[in-house]
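What follows is a short report on a single structure.
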Amino acid sequence: MTLLIFLRKVSDRMDHLIYKIVFITIFGMILSISLQIIFRVFFDSLTWTEELARYLLVWSTFLGATLAYKRGMHIAVTFVRNSFSEKIKKGIIVFSIIIMIVFFVIVIIFGFKLMVLQKVQLSPALRLPMRWVYLVIPLSFIVMTVHGMTALLEQFFKGEADIQ
């Protein structure tokens, strides 16, 4: 029970922080693309804006996926689950959350392996180490794992945690 309350707080704080980061990345993407258009029309085009926009899009996509996962906004096929009784429905939900957490952990492991493989590669225009671009993969799946563990515990302690 205390673990659920702690995980809820961590999950909510991470979600709040990521919400702000996604806003900043999307704003940066808009700014970068706008600069590219202005410079392409009136001056010599900038070499780095397209690459920056691409990496900001990747970061906003992965981090935005954590926001959608926390809010249950990802696409789901629920007509089969909804045809069962509440007890079986809860079992299906718990099973699906466990499967998702296992998937998240696998992606975290391979995400870090990908970062290690990219430790010497630099991006062409910005000369950024590519490991920092790929950091978003394990980072976002760590966040989704925390959200998933919170959702799993909420299934077991439904109603009890809402009292406190």
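The values are calculated or read from the model by the stated rules, or taken from the named source; none is laboratory data. What you see is a predicted model, and the numbers here were worked out from it, not measured in a lab. Cβ sites come from the backbone with ideal geometry, for glycine too, and all protein chains shown count toward neighbours.
Structure summary
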| item | result |
| --- | --- |
| Residue list for region 68-123, restricted to those being among the aromatic types (Phe, Trp, Tyr) and either touching a Ser or Thr at 6+ places or on another chain (Cβ under 6 Å) or under 14 Å from Met144 (Cα atoms) (or both) | Tyr69, Phe103, Phe104 |
| From the options Ile88, Ile93, residue that is over 30 Å from Tyr55 (Cβ atoms), within 22 Å of the chain's Cα centre (by Cα), at pLDDT below 95 and in a helix (DSSP H, G or I) | Ile93 |
| Qualifying position, being at pLDDT 95 or above and assigned to a helix (DSSP H, G or I), among Arg40, Arg13 | Arg13 |
| Matching entry among Ile97, Ile92 (being surrounded by 14 or more Cβ atoms within 10 Å (Cβ to Cβ), under 19 Å from Gln155 (Cα atoms) and touching a Phe, Trp or Tyr at 6+ places or on another chain (Cβ under 9 Å)) | Ile92 |
| Residue list for region 23-75, restricted to those being farther than 30 Å from Val143 by Cα and either touching a residue at least 12 places away in the same chain (Cβ under 8 Å) or not charged (D, E, K, R) (or both) | Ser34, Leu35, Gln36, Ile37, Ile38, Phe39, Val41, Phe42, Phe43, Ser45, Leu46, Thr47 |
| Verdict on Phe23 being under 22 Å from the mean Cα position of the chain (by Cα) and not charged (D, E, K, R) | yes |
| Of all residues in region 36-82 being charged (D, E, K, R) and surrounded by 12 or more Cβ atoms within 10 Å (Cβ to Cβ), the one that is nearest to Leu17 (Cα to Cα) | Lys70 |
| Single match in Val102, Val120, Val107, Val116 (criterion: modelled with pLDDT of 95 or more and either surrounded by 15 or more Cβ atoms within 10 Å (Cβ to Cβ) or more than 30 Å from Leu153 (Cα to Cα) (or both)) | Val107 |
| First in region 142-153 and within 10 Å of Ser11 (Cα to Cα), second anywhere and at pLDDT below 95 and not in a helix (DSSP H, G or I), Cβ under 6 Å, 6 or more apart | none |
| Failed item, numbered, when Thr78 is tested on (1) without any contact (Cβ under 8 Å) to a residue 40 or more places away in the chain; (2) closer than 17 Å to Phe104 by Cα | (2) |
